[in-house]
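Everything below concerns the one structure shown next.
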Amino acid sequence: MVTTGALVAVQLEIGAAVLASAETYRHHLVTTVTDAVEGAGAADVRFVVVPEIAGHLALYALAPPAARRAKTLASALAASAVRRPLDVLRGVATTRLLDARHAVLAALAPDGERWWKSVFGPLARRLDAWIVAGSHLRLSPDGALTNASILFDPDGHVVATTDKVNLVPGMEDGARGALALARGDARVPIVKTPLGSVATLVCYDGFREPHTRHERFIALGPRLAARGGVAIIANPAANPWPWHGPWKFNDEGERLTREQQWAAEGLRGSLVETPFARYGITAHLVGKVLDLAFEGPSEILERRDEGVQTLVRAEHHDRGCHLAALVSCYA
């Protein structure tokens, strides 16, 4: 039996205007994803990927007006948490680290996750689509704070939660000033769908090698291949460095741009090196809010016998759009 699928990448553009309130951000998310699904055309199954970190920004959208006078996202969230002292104390007691930033995030993360689910559960049901809802901060029962991605089925149910395994050095790991997030299980969830089995590799998890020589890194492509591989890899992404600028972690003598490094080492490079999936969907976050800026063109890839082919790629690396590719799968 042949099943027609629409693979959809949402290149979500963010900024001060769309994050001005929870209502405006919800409207932006719903409108953007709906336009992307409707623009994909008729298909038996719709599989949609939203960018990484989009859920983190819900914490800013949910913040009170006073927090918007802050210069950085971290200080905005801290200002938001000051008005919730009991939640912050609970965060200190709950989180694994006795650290002020962790206490703030632990206080705010549960509300952010509930809000995120309230947006994408009903949206998946209304659009009759499988949706990989980017990523958000998740506080687990044991106090671990992770960068997590949820997969919703067309009934609006959560069918998988994937915690990011490889943490970006200096940003998500235990380095000074970083978020000190907990690492996910390297045995990432695999879910069966009418288009075949699917898995999520959150941004850096889709890479074939580490950014630096001295970090803990697990190449997840070979591990998925050892489990039989999957039909589709969802790769929600958020690149915080200039796309055409020099790569931050260039070794001595290298002159790679971030674009060149991503092409060689990111999901495309992983699929070239290891045949662990037929299709790959990378959805980038773009835009700027406070001290954070994101760039990168989304793309949908297919791995064939003759190599990895680009089915569709965004024309711009710094503005919102959506991509779709119609594929046929044999159930």
Subset of the stretch 11-43, residues closer than 17 Å to ASP318 by Cα and of a type in the set (Gly, Ala, Ser), comes to GLY15, ALA16, ALA17
Taking the stretch 169-212 and keeping only residues that are in contact with a helix residue (DSSP H, G or I) (Cβ under 9 Å, 6 or more places away or on another chain), closer than 16 Å to ALA238 by Cα and in contact (Cβ under 8 Å) with a residue 60 or more places away in the chain, one is left with LEU179, LEU201, GLY206, PHE207
*Would the stretch 173-193 turn up any residue that is among the charged types (D, E, K, R), part of a loop (DSSP other than H, G, I, E, B) and within 26 Å of GLU254 (Cβ to Cβ)?*
yes
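Quick check on ARG46: is it touching a residue at least 60 places away in the same chain (Cβ under 8 Å) and basic (Lys, Arg)?
Details: touching a residue at least 60 places away in the same chain (Cβ under 8 Å): yes; basic (Lys, Arg): yes.
Considered against the rule, which asks whether it is touching a residue at least 60 places away in the same chain (Cβ under 8 Å) and basic (Lys, Arg), ARG46 comes out as yes.
Among the strands (runs of 3 or more DSSP E) contained in the stretch 266-331, which hold 2 or more residues that are free of Cβ contacts under 8 Å to residues at least 40 places away in the same chain and either of a type outside the set (Asp, Glu) or out of contact with any strand residue (DSSP E or B) (no Cβ under 9 Å at 6 or more places or on another chain) (or both)? Spell out how you get there, then give the answer.
Numbers: elements: 277-289, 292-294, 299-304, 307-313, 321-330.
Because the criterion is at least 2 residues that are free of Cβ contacts under 8 Å to residues at least 40 places away in the same chain and either of a type outside the set (Asp, Glu) or out of contact with any strand residue (DSSP E or B) (no Cβ under 9 Å at 6 or more places or on another chain) (or both), the strands (runs of 3 or more DSSP E) in the stretch 266-331 that meet it are 299-304, 307-313.
Table: residues versus (1) buried (at least 24 other Cβ atoms within 10 Å of the Cβ); (2) at pLDDT below 95; (3) in contact with a Phe, Trp or Tyr (Cβ under 9 Å, 6 or more places away or on another chain).
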| site | (1), (2), (3) |
| --- | --- |
| GLY91 | yes, yes, no |
| ASP99 | no, yes, no |
| ALA103 | no, yes, no |
| ALA107 | yes, yes, no |
| VAL119 | no, no, yes |
| LEU123 | no, no, yes |
| TRP130 | yes, no, yes |
| SER140 | no, yes, no |
| SER149 | yes, no, no |
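Select from the stretch 268-294 the residues that are hydroxyl-bearing (Ser, Thr, Tyr) and either at pLDDT below 95 or buried (at least 24 other Cβ atoms within 10 Å of the Cβ) (or both) and list them in ascending order. Spell out how you get there, then give the answer.
Filtering the stretch 268-294 for residues hydroxyl-bearing (Ser, Thr, Tyr) gives 270, 274, 279, 282.
Matches in the stretch 268-294: SER270, TYR279, THR282.
The values are calculated or read from the model by the stated rules, or taken from the named source; none is laboratory data. Remember, it's a predicted structure, so these values are computed and weren't measured experimentally. Note that we place each Cβ from the backbone using ideal geometry, even for glycine, and neighbour counts take in every protein chain shown.
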